[in-house]
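The values are calculated or read from the model by the stated rules, or taken from the named source; none is laboratory data. These figures come from a predicted structure and were not determined experimentally. Here the Cβ is made from the backbone with ideal geometry for all residues, glycine too, and neighbour counts use every protein chain on show.
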Amino acid sequence: MSVAWRNLIQDKTRALLSVAGVALAIMLILILGGFVAGMNEQVSTYLEHSPGSVVLVQAGTKGSSSVLPEETVAAARSVAGVESAVPVISQYAVLDLGQTKQYVSVIGYDPSLGGGPWALREGTFPEADNEVVMDAVLADRRGLRLDDDFSLLGQTFKVVGLSNGTTTWMTSYLFMRLDKAQQLFGSPQTTTFVFVSASNGITPDQLRKRLAGIRGADAMLKTDLIATSRTTYLSVFGAPLNLMAGIAGLVGTLVVGLVIYTATIERQREYGVLKAVGARNRYLYQVVALQAAVAAMVGSFVGTGLALVSAQLIMAFRPQFLITVEPASALSAAAIGLVMAVFAALLPARMVARLSPADVFRR
Amino acid sequence: MLLLALRNLFEGKARFVMSTAGLGLALLLVLVLDAIWAGSESQISAYIDRSGADVWVAQQGVRNMHMASSSLPVTTVPDVELVPGVRSVTPILYVLGTINTPNANQLAYVIGLPPSPAAGTPWAVVKGAGVPRSGEAIIDRTVASNAGVDVGGVITVLNHRFTVVGLTAGTLNIVNSIAFISLGDFMALRRSQATISYLLVRTAAGSSPSSVRTAIERQVPGVTALTTAEFSEQERAVVAGMSTDVVAIMNLVGLLIGLAVMALSTYTAVLSRRSEFGVLKALGARNADLYVVVIVQTAIALAFGLAVGIALTWLLSVGIPLVKPSLALEMTPASLAKVTSMALVIAVLAAILPVWQLARLDPAIVFRRKVA
């Protein structure tokens, strides 16, 4: 295969450009796939950190726009096997900072019970009504710091804490006291969720069954609520990103094919010469396939490296994004690239294979 | 020279296809993402844009509908009616709720309309009534067909059963659909007659919406008033804010891919014609003349690539909503302008390599080697 190898590296510029084309295409596929994977992770981050294993939501809502009367909390506490019942208000709002507008997810909670931020970068939890803990990424992006004031829905709040891990690229979390959230959203004596923890020895499923009797509320396993939220969120925000990822996958694969196809076409003459000096078709195909495979593999390798580096760069400059490039997706992208490359190379090879050696030198 | 450029171009058919297709695909990435965001922005402000209102009145500090909640005392209605320049005031209640369908709970903005509303009604009623009375609901036709319900059927909205009396179009977007029930029913569900969400104001002939808007804010306490155009802009602004970073990343990636593909193409094009160019040089052609050949080729590939990218995006913008009605793709002039300048940048950068190749091409090479 020394012919193949020598031929391949003979023209360094062309080899470089071919590899670059393949690498960028692979990078594209992996970055967009990483966006989608990261979004899936971010969506459930609050619920995963919230207390309890069973969640009470308004009957029939499966969690969307759930409104429960406050009495539900006491009702839950009176059920045997309940360790704690934590009410939480969860509502979207628009944070209007003059120059920019941003959707935020407002969580109203009781700091003594839980359901608030799980990792503070700095500051404290809200004590007074007008105090909030803001997601650190949101605060940094909008130039807000500890002790700064801002306005939300016509009321003034003060940032007393900055939290970590509380952002998605669509929204960020904002934590305030439960009663303040109730007042802010004009829904006094209500709650959105009640997070229920089980006493020792009770499984989540058993707990759920015991809570089934509470009027006006459905008891869901928290894992089920996470799955439903993920589906809802993704059907809302995920469609465009999934569409983009699909198109990127298609474009990336086609670009790999195009690059290799052209690179092979350019060498038709050389392959013709091989034929003219007596090489059999099988040998021809082997040379061609090997060249394509090498270009694709090197390109995939470089592309995966590029994807990892650029993912880190994007997340460093725009921390609201989470891009997870997983080994499994890198491998499948490389596999697809390889298949496409070999297929794209064999087409022009077939053309040469069908020529008689004399034809090669005729133009 | 032009003839040479053209002949050169079309002889390398594969190369031409690759540069055109590759550039087209790279630009497609940018165009489609732009179109998705533009489509979402239009959808999100659709109700506001088509409401028929001139001024919107909301709770003080509230400047959005989507993901927002506004609460005004009912007494605001007569207060606003007294403001000079106001022709009619339509109060609505509004909440993000769910329509229960067999498959899943669909998110819906539920709007409570008063009887004989002067504004705020669905703008494209495809079947049945356009204003709901007590016990009745008007829903989006796609949601209805997904739920297996037609006019006369029963649907669950906000956990209560309503009879479907009308089906609408244009009320479905990427986030949710819009459903209409009567204001009275809405208040009964809330168990409160005391509050409403927004006031849709129509101005009298001869009064400008912005002057009425200012007058309302001055005369009526505790409200924020916006013209329909301003309100719509505020809605779109939130979506636009989400898109900037993602679009910037895609622009960069599209640019790089387009550049790599074009550079490879033009490089191999010149490379395979080295002997021809060498002969020309030997015959006295200046480098500048040869550059012109390359530039013309690149310009033609650019034009075709741009056309391919735009055509493919147009196809997707027509095809995708057929498959998934909640997705809308909109190609905007701004997006087209951006992509055209990207293509120009790619073409200029991609031409640098062959220009360099030609400059150092030694005419004598023609006589030394046969195979390019």
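Computed quantities for the displayed model
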| item | result |
| --- | --- |
| Per-region count, the stretch B:61-104, residues assigned to a strand (DSSP E or B) and away from chain A (no Cβ under 14 Å) | 7 |
| Unmet criterion (only one of (1) among the polar types (S, T, N, Q); (2) touching a strand residue (DSSP E or B) at 6+ places or on another chain (Cβ under 7 Å); (3) surrounded by fewer than 18 Cβ atoms within 10 Å (Cβ to Cβ)) for B:Asn251 | (2) |
| Residue within the stretch A:228-239 that is over 30 Å from B:Leu189 (Cα atoms), at the interface with another protein chain (Cβ under 8 Å from one of its Cβ atoms) and at pLDDT below 80 present | yes |
| Pairs with Cβ under 6 Å, 6+ apart, first in the stretch B:20-36 and hydroxyl-bearing (Ser, Thr, Tyr), second assigned to a helix (DSSP H, G or I) | B:Thr20/B:Ala301; B:Thr20/B:Phe304; B:Thr20/B:Gly305; B:Thr20/B:Val308 |
| Checking A:Tyr92 against (1) surrounded by 20 or more Cβ atoms within 10 Å (Cβ to Cβ); (2) within 11 Å of chain B (Cβ to nearest Cβ); (3) closer than 20 Å to A:Thr190 by Cα, the condition it does not meet | (1) |
| Matching entry among B:Val238, B:Val247, B:Val270 (being assigned to a helix (DSSP H, G or I), within 8 Å of another protein chain (Cβ to nearest Cβ) and touching a residue at least 12 places away in the same chain (Cβ under 8 Å)) | B:Val238 |
| Only listed residue being away from chain A (no Cβ under 13 Å), of a type in the set (D, E, K, R), within 25 Å of B:Ser70 (Cα to Cα) and not in a helix (DSSP H, G or I), chosen from B:Arg202, B:Arg218, B:Arg213 | B:Arg202 |
| Residue within the stretch B:286-293 that is assigned to a loop (DSSP other than H, G, I, E, B), without any contact (Cβ under 8 Å) to a residue 40 or more places away in the chain and more than 26 Å from A:Lys12 (Cβ to Cβ) present | yes |
| Residue list for the stretch B:105-128, filter: more than 14 Å from chain A (Cβ to nearest Cβ), under 29 Å from the mean Cα position of the chain (by Cα) and part of a strand (DSSP E or B) | B:Ile111, B:Gly112, B:Leu113, B:Val125, B:Val126, B:Lys127 |
| Tally of residues being surrounded by 18 or more Cβ atoms within 10 Å (Cβ to Cβ) and within 7 Å of chain B (Cβ to nearest Cβ) across the stretch A:9-28 | 8 |
| Within the stretch A:29-62, considering residues that are more than 14 Å from chain B (Cβ to nearest Cβ) and either modelled with pLDDT under 85 or closer than 20 Å to B:Val246 by Cβ (or both), the one surrounded by the fewest Cβ atoms within 10 Å (Cβ to Cβ) | A:Glu41 |
| B:Leu256 being at pLDDT 85 or above, surrounded by fewer than 20 Cβ atoms within 10 Å (Cβ to Cβ) and facing chain A (nearest Cβ under 9 Å) | yes |
| Pair list, Cβ under 9 Å, 6 or more apart: the stretch B:118-145 residue of a type in the set (Asp, Glu), other residue surrounded by fewer than 16 Cβ atoms within 10 Å (Cβ to Cβ) | B:Glu136/B:Thr163; B:Asp140/B:Ala169 |
| Residue check for B:Met262: more than 7 Å from chain A (Cβ to nearest Cβ), within 18 Å of B:Thr298 (Cα to Cα) and modelled with pLDDT of 80 or more | yes |
| Residues of the stretch B:68-94 satisfying the condition of being under 22 Å from A:Gly186 (Cα atoms), among the polar types (S, T, N, Q) and under 36 Å from the mean Cα position of the chain (by Cα) | B:Ser69, B:Ser70, B:Ser71, B:Thr76, B:Thr90 |
| A:Ala217, sole failed condition from (1) closer than 30 Å to A:Ser44 by Cβ; (2) within 14 Å of chain B (Cβ to nearest Cβ); (3) out of contact with any strand residue (DSSP E or B) (no Cβ under 6 Å at 6 or more places or on another chain) | (3) |
